[in-house]
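Here is the structure we will look at, set down as structure tokens.
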Amino acid sequence: MALFDTHIVVDWSARSTPSPVRPTKDAIWWAVARDGAMELPEYVRTRHEAVARLEALLAAETAAGRRVLVGFDFPFGYPAGVAQHLTGRASACALWDWVTARIEDRPDNGNNRYAVAEEINHCYPGVGPCWGRPATWDHPGVPTRARDRTCRESHPPERRFSDEHARGAKTLWQLAYAGSVGSQALLGLPALVRLSRGPALAGRVSVWPLDGGLRLPDEPVVLAELYPSLLRLAVARLRQPGEILDKAQVRINALAYSRLDARGGLASLFEGAPSLTPRERRLVETEEAWVLGLGHEEALNAGLSE
């Protein structure tokens, strides 16, 4: 029996202006698989609109007695030690609050993420760890290139455990340029706070694995970090001619998690990768988070080969 009735995969965006009216890449997309049936992927132009629509969708699903898994494609945690250094607590949830208190994200997508990145950099010796500033942007506290950082020995790790395991995963200290996820995290974590703690869903949301550890949560809505590139080969095979890559990724990933769930194979993913040591499990559960499905790629791909 499936654990969830509805599976949603969200591709986030750090754009500083609304995405074009005509659907395009590098924007917010999501796909919904409901009872195993795929719906057409949705395209959203701003983060404020996305949060409002997702909140309404999740509220409607839970009101109908449906259980929902929602996967987002940006990191839910930072490398070990960062939360303690910035907030005084070794807790990803404390770091979420720290970021949310500082990020300004306007309805038109205008935001101050580089000012917040500068503040992070100023908390460490030298220059860093955040980098990837467009050269014309007036935020000198964030270097344009990684090699311009200094006092690297005093900086936090470049990657989390999950980033080391996931092929091609970028460091979240990179804020811009190809494959970067740092800006998505800075703008995504406050969105997750609004979704998980807002009045429409209060008490009905669990953030895996930060709220209850590496186990299947009990709440009707579960938010989890995904890495769509775990299924890169399947996406390349199943992408339709002319289909925008972001659209294909959310559609195919939602289908994969839905099919695995229908076969009774989703529960083991919530336990994390079998290779995690006790120390790594503790840090994943408290600070770094984990990618749902990492270490279980073969099982995820199996349903897409049917």
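Structural remarks
- What a 1.4 Å probe finds exposed on region 185-253 is 54% carbon and sulfur by accessible area, rounded to a whole percent.
- Accessible-area composition of region 122-177, carbon plus sulfur, in percent [1.4 Å probe]: 52
- Just the protein heavy atoms count here, and of the accessible area of region 6-56 at 1.4 Å, carbon and sulfur take up 54 percent.
- Relative contact order, whole percent, for the chain stands at 24, derived from Cα pairs under 8 Å and 6 or more residues apart.
- Per residue, in Å², the accessible surface of the chain once ligands and nucleic acids are set aside, probe 1.4 Å: 42
- Taking Lys and Arg as +1 and Asp and Glu as -1, the other residues whose beta-carbon sits under 10 Å from that of VAL82 total -1.
- Taking amide hydrogens as placed 1.01 Å from N in the peptide plane, the amide H of VAL32 sits under 5 Å from those of GLU39, each at least 5 positions away in sequence or on another chain.
- From phi via Karplus (6.51, -1.76, 1.60), per-residue ³J(HN,Hα) for region 22-28 in Hz, x at Gly/Pro: 6, x, 8, 6, 6, 10, 7
- Annotation: amide H of VAL207 within the under-5 Å range of LEU223, sequence separation 5 or more or interchain, hydrogens built in the peptide plane.
- Gyration tensor verdict on region 1-104 (Cα atoms; rounded if a/c is under 1.5, prolate if a/b is larger than b/c, oblate otherwise): oblate
The values are calculated or read from the model by the stated rules, or taken from the named source; none is laboratory data. Just so you know, these numbers come straight off a predicted model, no measurement behind them. All Cβ positions, even for glycine, are placed from backbone atoms using ideal geometry, and neighbour counts span all protein chains on display. Protein only, heavy atoms only, side chains kept; ligands, DNA and RNA dropped before computing areas. Shrake-Rupley method; radii C 1.70, N 1.55, O 1.52, S 1.80 Å.
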